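Notes to accompany the following structure.
The values are calculated or read from the model by the stated rules, or taken from the named source; none is laboratory data. Here the structure is a predicted model, which means the values were calculated and not measured. All Cβ positions, glycine included, derive from the backbone under ideal geometry; neighbour counts span all protein chains shown. Side chains are part of the model used for accessible areas, which takes the heavy atoms of the whole protein and leaves out ligands, DNA and RNA. Shrake-Rupley method; radii C 1.70, N 1.55, O 1.52, S 1.80 Å.
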Amino acid sequence: QEVVVEAGATTLVQGNYDVTPGTAGPTGHGFLRVTTNPAVNAVIYIDAAPGGVAPPNPGIPNDRWGITWVKMAPGEYQICFGTAAGFTAPGCEEVIVTADATTEVVGDYTRRADVRVDTAGAPGGTTPTITMNGVPRDAWQVWTSVPAGIYEICYGDVPGATAPACDTVNLAPGANPTITGTYS
């Protein structure tokens, strides 16, 4: 097949195989395929420790982007998905690989949003505390990656100025707004 891959696009190339008459299948074993949706550059872990990919036993790291039809012994496996820039990873999944069968797992990643919070009009040398949904953020005036959703951004008090009203923003997947609170 000839395929054109364009920057910023996801291209899936698929081939179909015909079984050669008289050949044996994966007798006594099964095949496992693990992919991500969308295709992201993340490590996939097989047999990860319960509760996710956190140390001390994150599981066996495998190829990035996906695992294509690996011959596996029958049994139960835990599949976990590593981090990918700009996305929230899906949770781990328990899968059962059956002899003489194929098992396919797709990890659905969720696109995150990036937000930058600035302030204007605060007296020189003051750095107000910024909160998002009541949680203080250290990443003031830098881009912060957060799950898409609705956030209330509030601006802390500073001596000699009146704090602006809180802003409510709906951050869509892939959004990257700059929110500015102006002190008076």
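Things to note:
- Residue 128 passes every criterion in (1) over 19 Å from residue 87 (Cα atoms); (2) in contact (Cβ under 8 Å) with a residue 40 or more places away in the chain; (3) open to solvent by 60 Å² or more (accessible area, probe 1.4 Å); (4) assigned to a loop (DSSP other than H, G, I, E, B) apart from (3).
- Among the candidates 88, 119, residue that is at pLDDT 90 or above and among the β-branched types (Val, Ile, Thr): 88
Residue-by-condition table, conditions (1) surrounded by 13 or more Cβ atoms within 10 Å (Cβ to Cβ); (2) modelled with pLDDT of 95 or more:
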{"position": "115", "(1), (2)": "yes, no"}
{"position": "123", "(1), (2)": "no, no"}
{"position": "132", "(1), (2)": "yes, no"}
{"position": "168", "(1), (2)": "no, yes"}
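- Output for the range 67-95, where each listed residue is within 17 Å of the chain's Cα centre (by Cα) and acidic (Asp, Glu): 93
- Comparison of 54, 42, 48 shows that the only residue that is surrounded by 15 or more Cβ atoms within 10 Å (Cβ to Cβ) and at pLDDT below 60 is 48.
- Restricted to the range 134-166, and to residues there that are closer than 15 Å to residue 120 by Cβ and part of a strand (DSSP E or B), the residue that is modelled with the lowest pLDDT is 158.
- Annotation for the range 105-124: at least one member residue is of a type in the set (Lys, Arg) and under 15 Å from the mean Cα position of the chain (by Cα).
- Among the conditions (1) over 30 Å from residue 145 (Cβ atoms); (2) modelled with pLDDT under 75; (3) part of a strand (DSSP E or B), the only one that residue 62 does not satisfy is (1).
- The range 63-83 residues that are surrounded by 14 or more Cβ atoms within 10 Å (Cβ to Cβ) and of a type in the set (Ser, Thr, Tyr), paired with ones that are at pLDDT below 90 and assigned to a loop (DSSP other than H, G, I, E, B) (beta carbon under 6 Å, 6 or more apart): 77/47
- Odd one out for residue 89 among (1) open to solvent by less than 30 Å² (accessible area, probe 1.4 Å); (2) in contact with a Phe, Trp or Tyr (Cβ under 6 Å, 6 or more places away or on another chain); (3) of a type in the set (Gly, Ala, Ser): (1)
- Unique match (being of a type outside the set (Phe, Trp, Tyr) and within 30 Å of residue 43 (Cβ to Cβ)) among 107, 156, 124: 107
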